[in-house]
């Protein structure tokens with residue numbers, strides 16, 4: 001049985017760490033490297049950087065942030081946002097990222113998933129799915145930070161991503177993101193049942209109980225958290241201790 005991974009998610013706009021609610025209304029939080037360093041020292045298993053406005057701003061900021069973080073943060077770093085070509089992916093890996101997260105470019109050209117997986121290995125290829133629930137049933141995968149529809153069913157898209165070589169799924173509920181009301185457990189379970197690769201639950205964590213439910217009820221392999229860490233409502237030490245008390249297998253930092 002693998003350890004439950006506790007992932008600190010840092011959304012980036014230019015040089016700044018930001019936080020949104022349902023991927024809208026972003027608020028500046030601070031210096032992303034300082035926060036990443038703090039989370040590393042607190043025992044985060046991974047750092048996740050997502051450039052939220054890569055299509056509008058110069059991606060050099062994310063490259064610089066990853067380079068700086070890789071110098072003194074020694075846990076895996078995943079970087080995503082604005083990666084359109086294999087050269088973009090290579091640049092971030094050379095800067096110090098361990099994994100690449102694809103969303104928009106993959107929905108426009110699914111073969112990019114194959115190319116990244118074949119070039120760098122499936123362990124480097126993370127399919128980022130921003131899923132919004134339909135009024136009736138099911139979820140649609142959105143692109144461009146939730147601004148554009150793809151027409152893709154999120155569960156079917158996850159299955160295709162795995163078939164093309166993705167090594168894991170970063171699954172964000174657009175409806176729950178930033179709300180602190182808990183994860184979309186039905187979404188996590190639906191995707192987890194459809195694929196055999198790890199699923200990272202993102203969007204909605206407000207309490208440790210939410211994390212426990214994501215794992216024990218919905219079957220998440222990892223949990224990405226942002227708001228509760230950025231605003232010090234919870235710290236990783238407390239989360240780790242309470243997760244152990246609830247019977248979850250987490251790494252000793």
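The values are calculated or read from the model by the stated rules, or taken from the named source; none is laboratory data. This one's a predicted model, so the numbers in the text were calculated from it and none came from an experiment. A quick note on method: Cβ atoms are made from the backbone with ideal geometry, for glycine too, and the neighbour counts reach across all protein chains shown.
Examine region 109-122 for a residue that is at pLDDT 95 or above and under 26 Å from residue 19 (Cα atoms), and state whether such a residue exists.
Within region 109-122, none of the residues are at pLDDT 95 or above and under 26 Å from residue 19 (Cα atoms).
Looking only at region 174-187, count how many residues are at pLDDT 95 or above and under 22 Å from residue 144 (Cβ atoms).
2
Looking at 228, 191, 215, 155, which one is outside any loop (DSSP other than H, G, I, E, B) and buried (at least 24 other Cβ atoms within 10 Å of the Cβ)?
191 is the lone residue from the list that is outside any loop (DSSP other than H, G, I, E, B) and buried (at least 24 other Cβ atoms within 10 Å of the Cβ).
If you check every pair at least six apart or on different chains, which have Cβ atoms under 7 Å apart with a residue in region 138-150 that is farther than 16 Å from residue 83 by Cβ first and a residue that is modelled with pLDDT under 90 and part of a loop (DSSP other than H, G, I, E, B) second?
Listed by first residue and then by second, the contacts come to 140/134; 146/23.
May I ask you to list the residues in region 34-64 that are modelled with pLDDT of 95 or more, assigned to a helix (DSSP H, G or I) and surrounded by 21 or more Cβ atoms within 10 Å (Cβ to Cβ)?
Correct list: 36, 39, 40.
Picking from 127, 108, 112, which residue would you name as being surrounded by fewer than 19 Cβ atoms within 10 Å (Cβ to Cβ) and either in contact with a helix residue (DSSP H, G or I) (Cβ under 8 Å, 6 or more places away or on another chain) or within 18 Å of residue 88 (Cβ to Cβ) (or both)?
So the residue among 127, 108, 112 that is surrounded by fewer than 19 Cβ atoms within 10 Å (Cβ to Cβ) and either in contact with a helix residue (DSSP H, G or I) (Cβ under 8 Å, 6 or more places away or on another chain) or within 18 Å of residue 88 (Cβ to Cβ) (or both) is 108.
If you check residue 117 against the conditions, is it closer than 13 Å to residue 80 by Cα, in contact with a strand residue (DSSP E or B) (Cβ under 8 Å, 6 or more places away or on another chain) and part of a helix (DSSP H, G or I)?
no
Working only within region 71-104, note down all residues that are closer than 23 Å to residue 19 by Cβ, in a helix (DSSP H, G or I) and modelled with pLDDT of 95 or more.
Answer for region 71-104, where residues must be closer than 23 Å to residue 19 by Cβ, in a helix (DSSP H, G or I) and modelled with pLDDT of 95 or more: just 92.
All but one of (1) at pLDDT 95 or above; (2) more than 30 Å from residue 136 (Cβ to Cβ) hold for residue 190; state the number of the condition that does not hold.
It is condition (2) that residue 190 fails.
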